[in-house]
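Heads up: the structure comes next, in structure tokens.
The values are calculated or read from the model by the stated rules, or taken from the named source; none is laboratory data. This structure is a prediction, so every number in the text was calculated from the model and none was measured. Cβ placement follows ideal geometry from the backbone for every residue including glycine, while neighbour counts extend to all protein chains displayed. Note: areas computed on protein heavy atoms with side chains; ligands, DNA, RNA excluded. Shrake-Rupley method; radii C 1.70, N 1.55, O 1.52, S 1.80 Å.
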Amino acid sequence: MRNLLPWREPVPPDGTMGEPGTRGRFGEYGGRYAPESLVEACREVDQTFREAWADPGFRGDLARLLALHAGRPTPLTPARRLSEELGVQLYLKREDLTHTGSHKINNVLGQALLATRMGRRRLIAETGAGQHGVATATAAALLGLEATVFMGERDIERQALNVFRMRMLGAEVIPVITGSRTLKDATSEAMRHWVGATGDSHYCVGSVIGPDPYPWMVREFQRVIGDEARGQFAAELRTGVPDHVVACVGGGSNAAGTFAGFADTPARLVGVEAEGGAGAARGRLGVLHGCRSLFLQDDDGQITQAHSIAAGLDYPGVGPEHAHLRDLGRARYVTVTDDEAVGAAVRLARTEGIVPALESAHALAWVIRAAGGGELPSGSTVLMTLSGRGDKDVSTLKELL
Amino acid sequence: MTNSTVAAGAVERHLRARRDTGRGLLLPYVTGGITPGWTDYLRAFADAGADAIEVGLPFSDPTLDGVTIQEASDRALARGASVRRILADLAGLPDLGVPLVASTYYNLVLHDGPGAFCAALRRAGVGGLIVPDLPVHEAGELSDAATAAGVEPALLASPATPQPRLAEISRRSRGFVYAVSLMGTTGERAVLAASAAELTERIRRVTDRPVLLGFGISTPDQAREARRHADGVVVGAAVMRRVLDGAGPDDLRAFLTTLREALDQECDPPR
Ligand SMILES: Cc1ncc(COP(=O)(O)O)c(C=O)c1O
């Protein structure tokens, strides 16, 4: 597969991933395209988040939860054997080692604390791979909240292990049988449900999508990935900053959190999408699930179904800030195929003893391809966020291998 | 209270004129392209005494619709419905004597851009527009394009909307104000929500534009009750469930006639 869009050289100094502009805008993207019935709820989330984020007490509570329950900080692991094979210096930011096994827990603990601050007693979530659902169920159990998780029927089949985990944690899992029966439809259903439940429930959106303030708020809750890695690199490398920063992109939360730590450096940012779910690389301007961004659409403007072996990348759009970073040329978005991702997962297992989530394997697949094809000059330093562990995908892989 | 009669467009003038005779307004909905001869429903609606007709332009991801209109949208899209084809069908119709109001999600408006979209509505004889995922603070871009094309976008107000924002919505809405009766999606309900009366009363305090209550209104009794608070009703899912179950234009004419009669029993003294 070709790499679709170039970086601008030198990378522009703006797009440093600060607060969005007026009305939640990242360039022309973002905004709050919510039905009127949800506007007041969004405003309340926005106000509460702003207050909480400026409150050292809230920051302290969140830091404690992240340390004691999620196991942060996560290590920065040099991938020694694979680096040698590829001729680059590859470092893995190990979100797979968090409690529940993916970066999703960072955002969920933040939003669950916020929900208690707003006096809500229940969390609503959508999930694709099930990782966000498991994280939500976990945070709800930890803080004494209820959890209702919407999940496409197709994903329920392919991520059965996570469905069981959610139910064991006490969450209600509601199968979604409309449309493609994947993440897009689960998100629509969660929004519909929230319209009737704003009084007692908080919608815990799982990625950097949705109406303002979600794309910004979720990125802030995930920036712990990038901030930690920045500090870890300062100790590791003479230059202090890797040449390339790479992450997979579904809605784009692990990538946004990673990029946020390096947006003000010369590091080149690369978001890796699934070939069949490449909102940033191939989408066109639209509005879905509350924000203006890039979405896969047909000639009539209908949203098309994404297809990816990785349930968490099976989304036909991308978060608005990624659309903006793309337009700025600050980040570049590339795609890899299902086969490349599976190959990368196997290679990481055999060289480093790590079975990655299929989502994360997409990021690695690009690193492998780019190192072989000269896009990553030999000796380059590369940070790759390993967003999650592969246990949930073992049955999918078993069918294929 | 904003008195905007002077600036009112054709849809609003029509609705105001009918309201001012004391008549309760009836705005039935049909999903465009739902059946091969779908425009026959429009004629039946007009015959049954509709005061305007809402034509849904189906979208793949109708996030504010319940199961009935979701299914209708899916079915229409599976039949090959598109904005272009539905508007072409409408453009070929003889005048029905009542205004047409399109309703759709903002993605379809943005697809060719709000300017081209509104111009296409106008050419097809559509005078009004409802976009449920476009709240007032994001509506500027569409309002400008709609004004230029002579299309009247009606904004939605919800039970959760604070009073100052209701005033803003009422001021910027065109044609009528769409009062969402309850905190939920479209779909039939057993009773009219308690929030409906309070919301319409709050809207009336800030505008004299026609106020139509929608979401959940399914029976003559509910229409009659809604009419005590609002200028009229929007009826969507109750129509589309019948259409999905195979009801033809004559069946729908009969159903809407029962709603018409219910509304007529609750008429106001003429203004
Ligand atoms: C392990 C893992 N990585 C990545 C993603 C994609 O989400 P995002 O792009 O928001 O990081 C998911 C989503 O389910 C996931 O579970």
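The table below lists the values:
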read-out: Listed residues A:Thr258, A:Thr396 arranged by accessible area, highest first, probe 1.4 Å; value: A:Thr396, A:Thr258
read-out: Estimated dipole of chain A in Debye, rounded to 20 [Cβ of Lys and Arg +1, of Asp and Glu -1, Cα centre]; value: 620
read-out: Net charge of Cβ neighbours under 14 Å - reference A:Ile174; Lys, Arg +1; Asp, Glu -1; value: -3
read-out: Chain B, helix-only ellipticity at 222 nm - DSSP H runs n ≥ 4, -39,500 (n - 2.57), divided by all residues, nearest 500; value: -13500 deg cm²/dmol
read-out: Unit charges on C-beta of K, R, D, E only; dipole of the stretch A:1-154, Debye; value: 260
read-out: Pairwise burial A:B, computed as accessible area of each alone minus the pair, summed, 1.4 Å, Å²; value: 2800
read-out: Three-way shape label, chain B, alpha-carbon gyration tensor, a/c 1.5; value: rounded
read-out: Beta bridges per DSSP with both ends in chain A, % antiparallel, nearest 5; value: 35
read-out: Inter-site label distance for A:Ala67 and B:Val191 at 7 Å from Cα along Cβ, in nm; value: 5.3
read-out: Heavy-atom surface of the stretch B:141-271, accessible at 1.4 Å and reported per residue (Å²); value: 37
read-out: Heavy-atom accessible area ranking, 1.4 Å probe, most first, across A:His202, A:His69, A:His193, B:His111; value: A:His69, A:His193, B:His111, A:His202
read-out: Cubic angstrom per residue, convex hull over Cα atoms of the protein assembly as shown; value: 145
read-out: Length-normalised contact order of chain B in % [C-alpha pairs under 8 Å, at least 6 apart]; value: 26
read-out: Most fluctuating residue given options B:Pro153, B:Pro94, B:Pro114, as computed from a GNM of chain B linking Cα atoms under 10 Å; value: B:Pro94
read-out: Chain A: relative contact order as a whole-number percent, Cα under 8 Å and 6+ apart; value: 22
read-out: Within chain A, helix-based [θ] at 222 nm, where runs of 4 or more DSSP H residues each add -39,500 (n - 2.57), nearest 500; value: -13500 deg cm²/dmol
read-out: Cα centroid separation - the stretch A:292-312 against the stretch A:269-287, whole Å; value: 9
read-out: Distance (nanometres) between label positions extended 7 Å along Cα→Cβ at B:Ala10 and B:Asp47; value: 2.4
read-out: For chain A: rounded, prolate or oblate by the Cα gyration tensor [a/c cutoff 1.5]; value: rounded
read-out: Dipole magnitude (debye, nearest 20) for the protein assembly as shown, charges at Cβ of Lys, Arg, Asp, Glu; value: 740
read-out: Stokes-Einstein D in µm²/s, Kirkwood radius over Cα pairs - the stretch A:86-241 at 20 °C with 1.002 mPa s viscosity; value: 132
read-out: The stretch B:132-210, relative contact order [Cα under 8 Å, separation at least 6], %; value: 30
read-out: Residue with peak Gaussian network fluctuation, chain A [Cα springs, cutoff 10 Å], from A:Ala256, A:Ala267, A:Ala278; value: A:Ala267
read-out: Fraction of beta bridges assigned by DSSP in the protein assembly as shown that are antiparallel (%, nearest 5); value: 25
read-out: Segment A:Arg50-A:Asp298, length gained on full extension (0.36 nm per residue, minus Cα span); value: 85.5 nm
read-out: Positive dipole terminus of the stretch A:187-342, leading residue within A:Asn254, A:Gly226, A:Ala278 (C-beta point charges); value: A:Gly226
